[in-house]
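Structure, as structure tokens:
The values are calculated or read from the model by the stated rules, or taken from the named source; none is laboratory data. Since the structure is predicted, the reported quantities are computational estimates derived from the model, not experimental observations. We place every Cβ from the backbone using ideal geometry, glycine too, and count neighbours over all the protein chains shown. Side chains included, ligands, DNA and RNA excluded: accessible areas come from the protein's heavy atoms. Shrake-Rupley method; radii C 1.70, N 1.55, O 1.52, S 1.80 Å.
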Amino acid sequence: MQTWVFAEEIDGAPTSLSLEMLSKARTFGGDLAAVYLGAGSEAAFATLGAHGAAKVFHLAPGDGLPAAAAAAALADLVAQHHPDLLLFGLAFTDRDVAGRLSARLDRPVLANAVDIHAGNGQVSVVNEILGGSTLVETAYRGAGPFIAVVRPKSFAAEAGTALAPEVIRVDLPAVGHAFEAAVLECHTEVSEGPDLEEAAVVVSAGRGVGGAEKMAVITELAGLLGAAIGGTRAVVDAGWLAYSLQVGQTGKTVRPSVYLAAGVSGAMQHLVGMKDSGTIIAVNKDEEAPIFRIADLGI
């Protein structure tokens, strides 16, 4: 079994999602490599090695929009090395490259994976349908390589035996106008407190909080707990929180040790983004609210 994991560089390091995928792929056995898109550094390559990558194909995009050239380079690498499975994350660049690669290789993509099973030459992908209420397992048929897109927080990022991976520099091929656009500036949203997707504790607000003026108590509680703040689709649509803090099917997926849901009714679209949290505490005046069906503690 030869598995490749696409790893994009953000702020000088591989994304946490790429490390989650590497940790899962390590359980498949066989050969494991990372396809690293970014400037690269010894520290970044060491992190990939610590999570299981024995080999790193390094693609340095410079200032160009990378997806078209990265997909072309990957297609050439696939023709040379014949991997069995390629994993991409549910992120903007990952999905762009995966779609382009699928077209180049004429191979299907199974997306929104929450689990992947591999063994005896067979690979299948588990994903959620009907708002996360039902799991479906789909097996690949026909020739590989198999391409899957994985949801964040589906797996834990766990370092194993530190490896010194072999780093292979891969030149990006010419792809015409698709690589001529240049990135001139990058703007990072400045926020206070822990990162929502990485926080150990999340305090999330729903419409039941009552209004924008009531959000002060949520902010105060999060500060006391050292927690990140999140919210439901209704809350961000109403302008009480920024869209970047939405938790759910069309927002962020979180997996904290503690998830405190205040005034959250528990619509399935929201539960998809937080149901795998360690301990779920629900605060709601409606005793019949669906959130209590999955909560460990109800208030």
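If you filter segment 105-120 down to residues that are of a type outside the set (D, E, K, R) and more than 19 Å from residue 22 (Cα to Cα), you find that the one that is modelled with the highest pLDDT is 105.
Please determine, by comparing only the residues of segment 271-288 that are crowded, with 21+ Cβ neighbours inside 10 Å and in contact (Cβ under 8 Å) with a residue 40 or more places away in the chain, which one is farthest from residue 220 (Cα to Cα). The residue in question is 272.
Report the residue count in segment 222-236 for those that are assigned to a helix (DSSP H, G or I), open to solvent by less than 80 Å² (accessible area, probe 1.4 Å) and either in contact (Cβ under 8 Å) with a residue 40 or more places away in the chain or more than 14 Å from residue 261 (Cβ to Cβ) (or both).
Within segment 222-236, the first condition is being assigned to a helix (DSSP H, G or I), and the residues that meet it are 222-225, 233-236.
Those left that are additionally open to solvent by less than 80 Å² (accessible area, probe 1.4 Å): 222-223, 234-236.
Of the ones still in play, those that are also either in contact (Cβ under 8 Å) with a residue 40 or more places away in the chain or more than 14 Å from residue 261 (Cβ to Cβ) (or both) are 223, 236.
The total comes to 2.
The requirement of being buried (at least 17 other Cβ atoms within 10 Å of the Cβ) and touching a His at 6+ places or on another chain (Cβ under 7 Å) is not satisfied by residue 154. Only residues that are open to solvent by less than 50 Å² (accessible area, probe 1.4 Å), over 28 Å from residue 266 (Cα atoms) and out of contact with any His (no Cβ under 9 Å at 6 or more places or on another chain): list them for segment 113-137, please. Passing the criteria: 118, 119. Residue count for segment 259-270, restricted to those that are open to solvent by less than 40 Å² (accessible area, probe 1.4 Å) and of a type outside the set (A, V, I, L, M, F, W, C): 4.
Taking strands (runs of 3 or more DSSP E) as the structural unit, those lying wholly within segment 1-97 and holding at least 1 residues that are within 21 Å of residue 110 (Cα to Cα) correspond to 2-10, 31-37, 85-89. Of all residue pairs spaced 6 or more apart or on separate chains, those with beta-carbon atoms under 9 Å, a first member in segment 91-104 that is more than 22 Å from residue 16 (Cβ to Cβ) and a second member that is open to solvent by 30 Å² or more (accessible area, probe 1.4 Å) and outside any helix (DSSP H, G or I) are 99/109; 101/107; 101/109; 102/108; 102/109.
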